[in-house]
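The values are calculated or read from the model by the stated rules, or taken from the named source; none is laboratory data. In this text, all values refer to a predicted model and were calculated from it rather than measured experimentally. Here the Cβ positions follow ideal geometry from the backbone for every residue, glycine too, while neighbour counts run over all protein chains shown. The accessibility values were calculated without ligands, DNA or RNA, using every heavy atom of the protein model including side chains. Shrake-Rupley method; radii C 1.70, N 1.55, O 1.52, S 1.80 Å.
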Amino acid sequence: MKIYSKKNIIPIVLGMLCTVLVHADRGEDVYNNICSQCHQLYVPNDQLVKNFFESNNTLLKLKAPTISQISYSMKQKIGDPREDADIQKMEVSAFIADYIIYPDKQKSVLNPNIGKHFKTMPSLKGKLSTEDIEAISNFVYDYDMKIHEEKGVHNLPFETALKRAKKEDKIIIIKATAPHCRYCMKMEKEVLLDKNIVNLLNKEFLVVDVDLSKDTLPLDLRVRMTPTFFFIFVNAENDKVKIKRIPGAWSKEDFLDILKESIAAKKKTDS
Ligand code: HEC
């Protein structure tokens with residue numbers, strides 16, 4: 001029997017697409033129907049810091065940690081991010097599936113200074129089907145990535161950035177990162193999602209993220225530590241590049257200064 005004739009393949013593909021779509025929505029539905037009673041999805045980091053560390057949760061009066069905080073903490077504390085990402089995903093999903101049925105603060109992966117503002121979550125035993133649990137676990141696991149895609153800076157391949165840098169007169173930033181690098185993740189969360197920084201990056205820069213466990217750096221660049229930032233200034237007339245290396249993790253204020261200094265340095269060489 002010829003199943004994969006052209007006539008048949010379209011319904012098969014459409015069918016597969018629908019399953020994927022339905023499955024992707026299910027986690028979000030479970031969040032909206034159940035988890036959202038207590039958990040907000042995302043609150044910017046500077047507000048969370050003010051709320052938990054300066055105002056004892058009186059500012060936002062959160063009923064529970066945000067899904068984004070949970071997603072981030074679990075990836076830091078559960079399993080080994082240097083291992084296969086799929087294995088960590090399974091371990092994290094297993095943690096969530098267990099926690100929502102058998103919540104116990106002893107198992108908590110949250111920063112204790114944040115966890116202490118909350119009583120233990122009530123068990124959701126009997127309220128969710130196995131499929132719901134699987135869907136919501138994946139939703140929470142993926143949330144951290146999703147928020148970066150929505151609110152962070154879009155990363156470009158180096159070749160694209162190089163072409164655009166000349167045309168749009170922008171500075172390229174190459175971020176050298178690694179999956180096990182805690183300071184890279186800390187900077188992603190605390191600095192590279194900040195609204196002022198994201199706005200400035202989008203306006204004046206083109207960002208290239210190189211995960212050193214998978215790829216090598218362009219322009220024969222080398223690093224001793226992660227994260228390291230390279231600021232690449234491209235001269236549109238003669239194609240020459242000037243490179244400034246900034247190793248290490250930075251606070252929001254310092255990184256903003258570094259960005260502004262780079263813009264000033266570029267203006268100087270341009271004129
Ligand atoms: C009635 C309020 C409430 C609902 C509904 C609720 N949670 Fe929670 N949840 C909390 C509170 C409060 C905490 C923080 C205290 C704790 O860790 O037990 C928490 C903590 C968690 C943690 C553990 C974080 C950690 O390591 O400490 C996970 C995972 C979690 N919730 C997932 C979910 C998911 C998924 C749903 C929806 C299916 C959900 N929660 C529904 C109140 C709630």
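In the stretch 13-35, how many are modelled with pLDDT of 90 or more and open to solvent by less than 50 Å² (accessible area, probe 1.4 Å)? Looking only at that region, the number is 5. The residue that is most open to solvent (accessible area, probe 1.4 Å), among those in the stretch 41-93 that are closer than 14 Å to F118 by Cα and without any contact (Cβ under 8 Å) to a residue 12 or more places away in the chain, is K61.
Yes or no: the stretch 195-204 includes at least one residue that is in a helix (DSSP H, G or I) and without any contact (Cβ under 8 Å) to a residue 40 or more places away in the chain. Yes. Filter the stretch 220-238 down to the residues that are free of Cβ contacts under 8 Å to residues at least 60 places away in the same chain and loosely packed, with under 14 Cβ neighbours inside 10 Å and list them by number. D220, R222, R224, M225, N235, E237, N238, listed by residue number. Considering only residues that are surrounded by fewer than 18 Cβ atoms within 10 Å (Cβ to Cβ) and within 9 Å of the ligand (Cβ to nearest atom), which ones fall in the stretch 104-120? Result: D104, K105, K107, V109, G115, H117, F118, K119, T120. Do you know which residues across the stretch 129-144 are touching a helix residue (DSSP H, G or I) at 6+ places or on another chain (Cβ under 8 Å) and open to solvent by 80 Å² or more (accessible area, probe 1.4 Å)? Those that are touching a helix residue (DSSP H, G or I) at 6+ places or on another chain (Cβ under 8 Å) and open to solvent by 80 Å² or more (accessible area, probe 1.4 Å): E131, E134.
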